[in-house]
Amino acid sequence: MGETRKKVTIKTLQSMKKRGEKITWLTAYDYPTAQFAEAAGMDMLLVGDSLGMCVYGYEGTIPVTMDQCIVHSEAVRRAAPMAFVMGDMPFMSYQTSDEDAVRNAGRFLKEAGVDAIKLEGGVRVASRIKAILAAGIVVCGHIGLTPQSSGQLGGHKAQGLTVASAKLLIEDALAIEEAGAQLLLLEAVPPEVAGFITRKLSFPVLSIGAGPNCDGQLLIVSDLIGQFQAFTPKFVKKYANIAEVITSAMTEYIKEVKTGAFPSDEHCYHMLKGEDKEFEKSIAEEYE
Ligand code: KIV
């Protein structure tokens, strides 16, 4: 399937919204996983700064650097040439100035060949979005639960649960549209609010924990395959338990090495016919 699919572009995603076809989106951080996603026909891949937790074992996303994001984005791009690949701007890569935002967004395209970048925030990042767009880069906004500013939100909490907070989200979404972004991600937002924003905006609005009324869904791959162990957000559905599969394979390997069951004859390279006898004779003469 991966070889015959057409390249997914921003135009593809826009027409999917128009005809009501749901967009599928998953994070990916490495070559093999991105290959599987490409073969499965995933529309979009996000090289999220969640790689801090999912790959590096950090407690959150704050320590993640641009260099780490670029290395992982390059690998994902190589594995998934047809999917719409997005780089995620890590903490302090765009907060400081419009210039830093453009320079770092540009690195994602120049060094990793991604199709778009994502940054967190609404009204307060409108000038960053405009500056990045002026450089010719497709931008995805991200509002609701924004992990990089979870300290200000009082933790990893759902947003828009009250009318006042829902209206702030709508203001943020409208500011993002006005700034010229072409995609929006809503994280941990009630479906009523997400549905309203999705209908209101002309471009694709995607959900991670924002219910079924959006134009598509995003999940963290490490959650979907049951690899991430530290915690499981309410919005996650685990489609596999890869941790169990991997641990049981490793336990079996340890057992077989300890008992001598592995490696067996089928895993051995044998000497050429006749050479084995010659070898025995020769080492007996020379070394014993
Ligand atoms: O880094 C990431 O994977 C993200 C998701 C949590 C939306 O930004």
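Which of the residues that make up the range 109-125 are in a helix (DSSP H, G or I), under 26 Å from LEU174 (Cβ atoms) and either touching a residue at least 12 places away in the same chain (Cβ under 8 Å) or within 16 Å of the ligand (Cβ to nearest atom) (or both)? Once the filter is applied, which keeps residues that are in a helix (DSSP H, G or I), under 26 Å from LEU174 (Cβ atoms) and either touching a residue at least 12 places away in the same chain (Cβ under 8 Å) or within 16 Å of the ligand (Cβ to nearest atom) (or both), the range 109-125 yields VAL123, VAL125.
For the range 43-58, filtered to residues that are within 14 Å of the ligand (Cβ to nearest atom) and part of a loop (DSSP other than H, G, I, E, B), the residue that is farthest from ALA116 (Cα to Cα) is TYR58.
Screening the candidates LYS258, LYS277 for the property of being at pLDDT below 95 and either open to solvent by less than 60 Å² (accessible area, probe 1.4 Å) or outside the structural domain of LEU119 (by TED's automatic domain parsing) (or both) yields one hit, LYS277. When VAL102 is tested against the conditions (1) open to solvent by 10 Å² or more (accessible area, probe 1.4 Å); (2) of a type in the set (Val, Ile, Thr); (3) in contact with a helix residue (DSSP H, G or I) (Cβ under 8 Å, 6 or more places away or on another chain); (4) part of a loop (DSSP other than H, G, I, E, B), the lone failure is (4).
In the set (1) free of Cβ contacts under 8 Å to residues at least 40 places away in the same chain; (2) under 30 Å from SER202 (Cα atoms); (3) in the same structural domain as ILE208 (by TED's automatic domain parsing); (4) open to solvent by 70 Å² or more (accessible area, probe 1.4 Å), THR4 fails one condition alone, (3). Taken together, GLY195, GLY216, GLY226, GLY209 contain a single residue that is surrounded by 18 or more Cβ atoms within 10 Å (Cβ to Cβ), within 16 Å of the ligand (Cβ to nearest atom) and over 21 Å from VAL138 (Cα atoms), which is GLY209. The single condition among (1) in contact (Cβ under 8 Å) with a residue 24 or more places away in the chain; (2) touching a Leu at 6+ places or on another chain (Cβ under 8 Å); (3) farther than 20 Å from LEU13 by Cβ that GLU171 does not meet is (2). Looking only at residues in the range 16-33 that are part of a helix (DSSP H, G or I) and away from the ligand (no atom under 14 Å from the Cβ), the one that is surrounded by the fewest Cβ atoms within 10 Å (Cβ to Cβ) is ARG19. Pairs meeting the criteria (first residue in the range 42-57 and without any contact (Cβ under 8 Å) to a residue 60 or more places away in the chain, second residue within 8 Å of the ligand (Cβ to nearest atom), beta carbons under 8 Å, at least 6 apart or on different chains) are LEU45/THR27; LEU51/THR27; GLY52/THR61. Taking the range 140-167 as the range and being more than 13 Å from the ligand (Cβ to nearest atom) and among the hydroxyl-bearing types (Ser, Thr, Tyr) as the test, the residues that pass are THR162, SER165. Can you work out which of the residues in the range 168-187 that are open to solvent by less than 10 Å² (accessible area, probe 1.4 Å) and under 19 Å from the mean Cα position of the chain (by Cα) is nearest to the ligand (Cβ to nearest atom)? Only one residue tops the list, namely LEU185. Among the criteria (1) within 13 Å of the ligand (Cβ to nearest atom); (2) more than 25 Å from ALA210 (Cα to Cα); (3) surrounded by 16 or more Cβ atoms within 10 Å (Cβ to Cβ), the one GLU74 does not fulfil is (1).
The values are calculated or read from the model by the stated rules, or taken from the named source; none is laboratory data. A quick note: this is a predicted structure, and the numbers were derived from the prediction, not measured. Ideal geometry is used to build each Cβ from the backbone, glycine not excepted, and the neighbour counts take in all protein chains shown. We work out accessible area using only protein heavy atoms, side chains counted, and drop any ligands, DNA or RNA first. Shrake-Rupley method; radii C 1.70, N 1.55, O 1.52, S 1.80 Å.
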